[in-house]
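A quick write-up on the structure given underneath.
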Amino acid sequence: MSVLVTGGTGYIGSHTVIELLEAGEDIVIVDNFSNSKPEMIDKIKEISGKDFKFYEVDLLDKEKLENVFKENKIESVIHFAGLKAVGESVQKPIEYYHNNITGTLILLELMKKYNCKKIVFSSSATVYGTPKTVPIKEDFPLSTTNPYGSTKLMIEQILRDVYISDKEFSVILLRYFNPIGAHKSGKIGEDPNGIPNNLMPYINQVAIGKLECLNVFGNDYDTIDGTGVRDYIHVVDLAKGHLKALKKAREMTGVEAYNLGTGKGYSVLQIVDAFQKVNGVTVKYRITDRRPGDIATCFADPTKAKVELGWVAEKELDEMCEDAWRFTKNNI
Ligand code: UD1
């Protein structure tokens, strides 16, 4: 019996795969390398010292994906695969809806056909839209502000409906806050194509000299220093959350959503400051206009995950900055 990991060579997927392998799980990865590289497979094997099956498959290719279900006994699925750039999703909504939604529908059709009824889905705090208050709890109202976020929310709804139609399903929706950091080995981490959209990869590229200066998007928010506040979580803590979610999926039927965050918020300037201090580097920055669509403050109430999954984020900001920089120095 195997766990199928879609998007298992991506940033969060690869870290999760390592945790799964180290916990003795038998896994099968499918990925189309749309935002990762084939060398990830060897790196994962090297770090974990374990082997696994890999298929280069796009979820939209039903025939090839079905072959994976035929050749393996898939017991459960952790579903990461999807396009994830907010700005790009506004430019290419059809591609985003088609890829993320249709890909998930094909996966679900096959799961039903092959009697696999446990799924852990990679959702996002983006489904809370512009929250009225913080910390954010799972029962807050849901809404989205861009096509990427809409695909996450729609998939959550699709999964709820699948459960309503078949009560043997167990569905865990993991709503990630802001994953940063990298594996201790320094071999895998976040390496986005092109100019990064997210804060941590941008800081790293400035520190290494690939980009000249960080644009801090606004310093007139109602926050500690005027810059945006987010709940940054170490990607390895996040990965461990998936193991706990898988365990939960095996024990229950139904649909549950969990916030995976630390419960603590840091501003952009606090992140820059921590990164500089802990790594002994300089990150040049300038204040620019706000980025459209950004909110002032976003952080989780992670109590539900603590109580029901037995999971808490353990790593502090300094370690996140240190690990991210080690990966950058080795790879970028
Ligand atoms: C973004 C997405 C979110 C997605 C998440 C995935 C938007 C509006 N939101 O979250 O939907 O789930 O990435 O990781 O894009 N910042 C700068 N300069 C930069 C980059 C970021 O000042 O060059 C600031 C932002 O204004 C924000 C903070 O850093 O206050 C974090 O930004 P980012 O890393 O892009 O994450 P989110 O916007 O929280």
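The values are calculated or read from the model by the stated rules, or taken from the named source; none is laboratory data. Predicted model, so just to flag it, every value in this text is computed and none were measured. Ideal geometry is used to build each Cβ from the backbone, glycine not excepted, and the neighbour counts take in all protein chains shown. Note: accessible area is taken over every heavy atom of the protein model, side chains too, but ligands, DNA and RNA are not part of it. Shrake-Rupley method; radii C 1.70, N 1.55, O 1.52, S 1.80 Å.
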Q. In terms of modelled amide H atoms, which long-range or inter-chain residues lie less than 5 Å from the amide H of Lys53?
A. Ile27, Ile29
Q: Mind running the shape call on the range 86-143? Use the C-alpha gyration tensor, a ≥ b ≥ c as the square roots of the eigenvalues: rounded below 1.5 for a/c, prolate if a/b tops b/c, oblate otherwise.
A: oblate
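With 27 Å as the limit, write out which pairs from Lys132/Lys277; Lys152/Lys247; Lys45/Lys167; Lys137/Lys248; Lys45/Lys304 have Cα-Cα distances beyond it, or answer none. Kindly include the intermediate steps, with their values, before the conclusion.
Details: Lys132/Lys277 34 Å; Lys152/Lys247 23 Å; Lys45/Lys167 37 Å; Lys137/Lys248 19 Å; Lys45/Lys304 33 Å.
Among Lys132/Lys277; Lys152/Lys247; Lys45/Lys167; Lys137/Lys248; Lys45/Lys304, the Cα-Cα distance tops 27 Å for Lys132/Lys277; Lys45/Lys167; Lys45/Lys304.
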Q. To the nearest 20 debye, what is the magnitude of the charge dipole of the range 153-201 about its Cα centre, counting +1 on the Cβ of each Lys and Arg and -1 on the Cβ of each Asp and Glu?
A. 220 debye
Q. Taking the Cα centre of the range 185-253 as the origin, how large is its charge dipole in debye, to the nearest 20, when only Lys and Arg (+1) and Asp and Glu (-1) carry charge on their Cβ atoms?
A. 620 debye
(Q) Would the range 1-123 count as rounded, prolate or oblate if I go by the C-alpha gyration tensor, calling it rounded below 1.5 in a/c and otherwise prolate when a/b exceeds b/c, oblate otherwise? (A) oblate
Q) How far apart, in nm, are two points set 7 Å out from the Cα along the Cα-to-Cβ line at Asp294 and at Asn197? A) 1.4 nm
**Q.** Inter-label distance, nm, simple model (7 Å from Cα along the C-beta direction), Leu105/Ile332
**A.** 3.7 nm
Q | Loop sites in the range 1-104: trypsin sites (Lys or Arg not before Pro), DSSP, at most 14 other Cβ within 10 Å | A | Lys73
Q | Choice from Asn259, Asn193, Asn204 showing the highest fluctuation, given a GNM over the chain with Cα pairs closer than 10 Å | A | Asn193
Q. Residue by residue through the range 86-92, which ³J(HN,Hα) values in whole Hz follow from phi under the Karplus form 6.51 cos²θ - 1.76 cosθ + 1.60 (θ = phi - 60°), with glycine and proline marked x?
A. 4, x, 4, 5, 6, 6, 10
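Dipole of the chain, Cα-centred, from +1 at each Lys and Arg C-beta and -1 at each Asp and Glu C-beta, to the nearest 20 debye? Could the numbers behind the result be given before it?
On the way: 41 positive and 46 negative charges, 31 e Å.
In total the dipole reaches around 160 debye.
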Q: Compute the FRET efficiency between His98 and Lys73 as 1/(1 + (r/R0)^6), taking r as their Cβ-Cβ distance and R0 = 30 Å, and round to the nearest 0.05.
A: 0.50
Q) Which residue, chosen from Ser76, Ser34, Ser89, occupies the Cα position most advanced towards the positive end of the dipole of the range 31-100, where the dipole is computed from +1 (Lys, Arg) and -1 (Asp, Glu) charges on Cβ about the Cα centre? A) Ser76
(Q) Multiplying the sequence separation of Glu212 and Thr253 by 0.36 nm and subtracting their Cα-Cα distance, what value in nm do you get? (A) 9.7 nm
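State the percentage of accessible surface on the range 210-332 attributable to carbon and sulfur atoms; use a 1.4 Å probe and exclude ligands, DNA and RNA. Mind showing how you got there, number by number?
Values: 2620 of 5660 Å².
Of the solvent-accessible surface of the range 210-332, carbon and sulfur hold 46 percent.
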Q: Between Val307, Val216, Val268, find the one with the highest GNM mean-square fluctuation for the chain; connect C-alpha pairs within less than 10 Å.
A: Val307
**Q.** Backbone HN-Hα couplings from phi across the range 177-186 [Karplus 6.51/-1.76/1.60, Hz, Gly and Pro as x]
**A.** 8, 10, x, 9, x, 7, 5, 3, 4, x
**Q.** Hz values of 3J(HN,Hα) by residue in the range 72-77 - Karplus curve (6.51, -1.76, 1.60), Gly and Pro given as x
**A.** 9, 9, 8, 8, 7, 10
Q: Compute the Cα gyration tensor for the range 183-241, then decide on rounded, prolate or oblate, letting a ≥ b ≥ c be the square roots of its eigenvalues: rounded whenever a/c is under 1.5, prolate when a/b is larger than b/c in the other cases, and oblate in all that remain.
A: oblate
**Q.** Highest-MSF residue in the chain out of Thr288, Thr262, Thr253 [GNM, Cα springs under 10 Å]
**A.** Thr288
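Measuring with a 1.4 Å probe in the full set of protein chains, what accessible area per residue, in whole Å², belongs to the chain?
Values: 14470 Å² over 332 residues.
About 44 Å² of surface per residue is accessible.
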**Q.** Percent carbon-and-sulfur accessible area, the range 69-161, ignoring ligands, DNA and RNA, probe 1.4 Å
**A.** 56 percent
Q | Potential extension, Lys112-Asp166 segment - 0.36 nm per residue separation minus Cα distance | A | 18.5 nm
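Across the chain, how large is the tail of the calculated P(r) beyond 31 Å, expressed as a percent of all Cα pairs?
Values: 15386 of 54946 pairs.
The proportion of pairs with Cα distances above 31 Å equals 28 percent.
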